[in-house]
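Undergrad: Here it is, the structure, as structure tokens.
The values are calculated or read from the model by the stated rules, or taken from the named source; none is laboratory data. Quick caveat, the model's predicted, so the values are computed rather than measured. For neighbour counting, all protein chains shown are included, and Cβ atoms are generated from backbone atoms with ideal geometry for every residue, glycine included.
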Amino acid sequence: MPLGRQQAWSLVRRTYRTASPGTRLHVLGRFLTCPYLRVLDYLPPQARVLDLGSGHGIFAHLALAAGAREVVALEPDTRKVFLNFPRPGMRVVNGYRDAVRGRFAAITLFDVLYRVPLAEWPDLFAQLRGSLSPGGLLLLKELDPRHRAKAAWNRTQERLADLARRMKSLPPRVLQNCIRLLTGILEPALILAMGALVLLIVLAILLPIIDMNQLVRL
Ligand SMILES: C[S@@+](CC[C@H](N)C(=O)[O-])C[C@H]1O[C@@H](n2cnc3c(N)ncnc32)[C@H](O)[C@@H]1O
């Protein structure tokens, strides 16, 4: 069953409506930047699907709405597991790949492989192959190393999210000092960046005028 962009977004919005603004923003970012809808087109009808490293479970929700029979959303990060808001047909499992049971018509991985050490890839792929039913599909979306800026931005996002999670567990006084230190660095850096931008704009306006003056003198 094809799922239009508008319909998909409305489903995602409804699913996460009670989540915190931070989570909703993250979900919106993922929805806009990850080709979930294009991958849906490859799912066999009535498929049993495994989404490995499912994060907040966005793809699991979309796959069920698009006609999957069952989706197992496997995610090692317990905090994300509690933000999955499961629907009928969705099984959220908190664990690593050793928790995978049974066979699937499709296995999906969205931006997960780069988090798995290279040395583990052969074992991982062998296991996933063994978990596919005959004719099953492995659908893999990974950061394209040729798009360096995008890949760097995605990694930065993940690191910032990890850092934010670790910071939450710090004692309040230490957290306050960290925030003070960060704003102490960021404020002057922003002022400098704004100054540089203004200088660039002024130069961009002035240089053609100076050039024209020289032409008139010639
Ligand atoms: C960039 S997030 C992508 C989440 C989700 N697939 C999505 O599209 O939003 C990467 C996810 O991989 C998970 N992950 C990290 N190491 C993993 C591993 N060894 N096995 C499975 N998932 C892993 C992380 O917890 C994280 O949720």
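Undergrad: Quick check: anything in region 127-146 near the ligand (Cβ under 9 Å from one of its atoms) and in a helix (DSSP H, G or I)?
TA: Checked region 127-146: no residue is near the ligand (Cβ under 9 Å from one of its atoms) and in a helix (DSSP H, G or I).
Undergrad: Among Leu50, Leu37, Leu11, which is outside any helix (DSSP H, G or I) and either buried (at least 16 other Cβ atoms within 10 Å of the Cβ) or β-branched (Val, Ile, Thr) (or both)?
TA: Exactly one of Leu50, Leu37, Leu11 is outside any helix (DSSP H, G or I) and either buried (at least 16 other Cβ atoms within 10 Å of the Cβ) or β-branched (Val, Ile, Thr) (or both), namely Leu50.
Undergrad: Going residue by residue through region 73-82, is there one that turns out to be hydrophobic (A, V, I, L, M, F, W, C) and surrounded by fewer than 21 Cβ atoms within 10 Å (Cβ to Cβ)?
TA: yes
Undergrad: Please work out which one of (1) over 30 Å from Arg129 (Cα atoms); (2) exposed (fewer than 13 other Cβ atoms within 10 Å of the Cβ); (3) among the charged types (D, E, K, R) is the condition Arg24 fails and give its number.
TA: Going through the list (1) over 30 Å from Arg129 (Cα atoms); (2) exposed (fewer than 13 other Cβ atoms within 10 Å of the Cβ); (3) among the charged types (D, E, K, R), Arg24 breaks only (2).
Undergrad: Next question, about the same structure. Working carefully through the options Gly57, Gly67, Gly53, find the one that is out of contact with any Cys (no Cβ under 8 Å at 6 or more places or on another chain) and more than 11 Å from the ligand (Cβ to nearest atom).
TA: Of Gly57, Gly67, Gly53, the one residue that is out of contact with any Cys (no Cβ under 8 Å at 6 or more places or on another chain) and more than 11 Å from the ligand (Cβ to nearest atom) is Gly67.
Undergrad: Arg97 fails exactly one of the following numbered conditions: (1) within 14 Å of the ligand (Cβ to nearest atom); (2) in contact with a Lys or Arg (Cβ under 6 Å, 6 or more places away or on another chain). What is the number of that condition?
TA: It fails just one condition, (2).
Undergrad: Tell me which residues, restricted to region 30-84, are touching a strand residue (DSSP E or B) at 6+ places or on another chain (Cβ under 6 Å), over 14 Å from Leu109 (Cα atoms) and among the aliphatic types (A, V, I, L, M).
TA: Ala47, Leu64, Ala68, Val81
Undergrad: Which pairs turn up if I take residues in region 48-77 that are closer than 18 Å to Ser133 by Cα and look for partners that are within 7 Å of the ligand (Cβ to nearest atom) and of a type in the set (Lys, Arg) with beta carbon separation below 6 Å, at least 6 apart in sequence or on another chain?
TA: Once the first residue is closer than 18 Å to Ser133 by Cα and sits in region 48-77, no partner that is within 7 Å of the ligand (Cβ to nearest atom) and of a type in the set (Lys, Arg) comes close enough.
Undergrad: Of these, Arg30, Arg91, which one is in a strand (DSSP E or B), of a type in the set (D, E, K, R) and either in contact with a Phe, Trp or Tyr (Cβ under 7 Å, 6 or more places away or on another chain) or without any contact (Cβ under 8 Å) to a residue 40 or more places away in the chain (or both)?
TA: Just one listed residue meets the conditions, Arg91.
Undergrad: Within the bounds of region 101-112, is there any residue that is of a type in the set (Lys, Arg), within 23 Å of Ala151 (Cβ to Cβ) and not in a strand (DSSP E or B)?
TA: no
Each row is one residue, and each column tells you yes or no for (1) within 24 Å of Val12 (Cα to Cα); (2) modelled with pLDDT under 95; (3) outside the structural domain of His26 (by TED's automatic domain parsing).
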| residue | (1), (2), (3) |
| --- | --- |
| Val72 | yes, no, no |
| Asp77 | yes, no, no |
| Lys80 | yes, no, no |
| Phe85 | yes, no, no |
| Val92 | yes, no, no |
| Gly102 | no, no, no |
| Arg115 | no, yes, no |
| Phe125 | no, no, no |
| Ser131 | no, no, no |
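Undergrad: Please indicate, with yes or no, whether at least one residue in region 149-172 is within 27 Å of Ala65 (Cβ to Cβ) and touching a helix residue (DSSP H, G or I) at 6+ places or on another chain (Cβ under 7 Å).
TA: no
Undergrad: From the list Leu109, Leu113, which one is more than 22 Å from Arg5 (Cα to Cα), within 14 Å of the ligand (Cβ to nearest atom) and in contact (Cβ under 8 Å) with a residue 24 or more places away in the chain?
TA: Leu113
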